[in-house]
Amino acid sequence: MMVDITAPVLDNHQVGPRLHLMTLSAPVIASSIKPGQFVHMQIPGMEGHILRRPFSVYAANVSEGTIEILYQVVGFGSERMTKLAPGDEIAPKLIGPVGHGWAAPEKCERALLVGGGVGAAPLYLLFEQLVAAGVDVTVVLGAQTEAALVCRERYARVLSTAGCCAENAPLCATDDGTFGRAGFCTSLVDDAVSEANASGKPFDYLAVCGPEPLMKIVSGQAAQANIPCQVSMEKRMACGVGACLSCVVETVHGKKRSCVDGPVFDAQEVAW
């Protein structure tokens, strides 16, 4: 159920280099959000900028009625977001949940999730869902530097207590080699796929979110290994509800809208 609500800020703090985590009170969205969906935010103090900003939902707590958004400071809007604080007289407004999210195949037994940079956040609700269903999940995370691997510890905590994948830990790569493997995380994807095939238990599903070049490469790796793959094609958008056609994704079936037809697409449908 999509709603248009005011969502008071409960917490908002820096968690990494130009990375911030915001917790919002949004009980209706928290109880109805599906993995991969997003919210469209109207940021207080930006009355001269009428367009809302789309943000994937990182985590949701139904009992507390909260959602979390991990965001990177890249411009005026996100810089303004860092100034929002609990108790502000005017709170953000949200439209959500919006879009079609992740959909693992039925009877999925083993999944590979690949998150590049802040792309690790839109995968987390899917990760929780798969682990709760008893799916054996392998997580690959990549970032520029160790300080930017801000989702790693949360993934690690869940994996350490999950009976289906307790022996796993997030496989990490950093561009500068400060944590995990030096270089891009795509080499870890190759290794994980090869090891899964060698064990006789190949992956049934692969989900990837991050910079578009990363998703293109990983989708090619999935295709070569014959693994069903989905990607989250996050785009700049104006309305967020499918009317303005500003967030078009080129697919083999023609132009699709990231906001309502996505943001999650079958990787083989995207015209890379």
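The values are calculated or read from the model by the stated rules, or taken from the named source; none is laboratory data. Source: prediction; values computed, not measured. Backbone-built Cβ (ideal geometry, glycine too); neighbour counts: all protein chains shown. To get the accessible areas, we keep the full protein, side chains included, count just its heavy atoms, and leave off ligands, DNA and RNA. Shrake-Rupley method; radii C 1.70, N 1.55, O 1.52, S 1.80 Å.
Restricting Ser56, Ser25, Ser32 to those that are closer than 20 Å to Val264 by Cα, small (Gly, Ala, Ser) and buried (at least 18 other Cβ atoms within 10 Å of the Cβ) reduces the list to Ser56.
The number of residues in the stretch 248-265 that are basic (Lys, Arg) and modelled with pLDDT of 85 or more comes to 2. Counting residues in the stretch 99-109 that are at pLDDT below 95, surrounded by 24 or more Cβ atoms within 10 Å (Cβ to Cβ) and within 23 Å of Asp266 (Cα to Cα) gives one or more. Would you check if there is a residue in the stretch 140-155 being under 17 Å from the mean Cα position of the chain (by Cα), within 23 Å of Asn12 (Cβ to Cβ) and among the acidic types (Asp, Glu)? The answer is yes, given that some residue of the stretch 140-155 is under 17 Å from the mean Cα position of the chain (by Cα), within 23 Å of Asn12 (Cβ to Cβ) and among the acidic types (Asp, Glu). Figure legend. Inter-residue proximity from the stretch 199-225: first residues over 17 Å from Ala271 (Cα atoms), second residues of a type in the set (Lys, Arg), beta-carbon distance below 8 Å, spacing 6+ or different chains. Indicated pairs: Lys201/Arg110; Pro202/Arg110; Phe203/Arg110; Asp204/Lys107; Asp204/Arg110; Tyr205/Arg110.
Specify which of the listed residues (Val9, Val3, Val15, Val39) is surrounded by 18 or more Cβ atoms within 10 Å (Cβ to Cβ) and in contact (Cβ under 8 Å) with a residue 60 or more places away in the chain.
Val9
Looking at this structure, is Leu125 surrounded by fewer than 24 Cβ atoms within 10 Å (Cβ to Cβ), more than 18 Å from Gln14 (Cα to Cα) and out of contact with any Asp or Glu (no Cβ under 7 Å at 6 or more places or on another chain)? Criteria met by Leu125.
Within the stretch 151-194, restricting attention to residues that are among the aromatic types (Phe, Trp, Tyr) and out of contact with any helix residue (DSSP H, G or I) (no Cβ under 6 Å at 6 or more places or on another chain), the residue that is surrounded by the most Cβ atoms within 10 Å (Cβ to Cβ) is Tyr155. Scanning the stretch 1-49 for residues being acidic (Asp, Glu) and over 15 Å from Ser78 (Cα atoms) gives a total of 2. The residues of the stretch 213-247 that are at pLDDT 95 or above, within 19 Å of Pro122 (Cβ to Cβ) and open to solvent by 50 Å² or more (accessible area, probe 1.4 Å), listed by number, are Pro213, Lys216, Ile217, Pro228.
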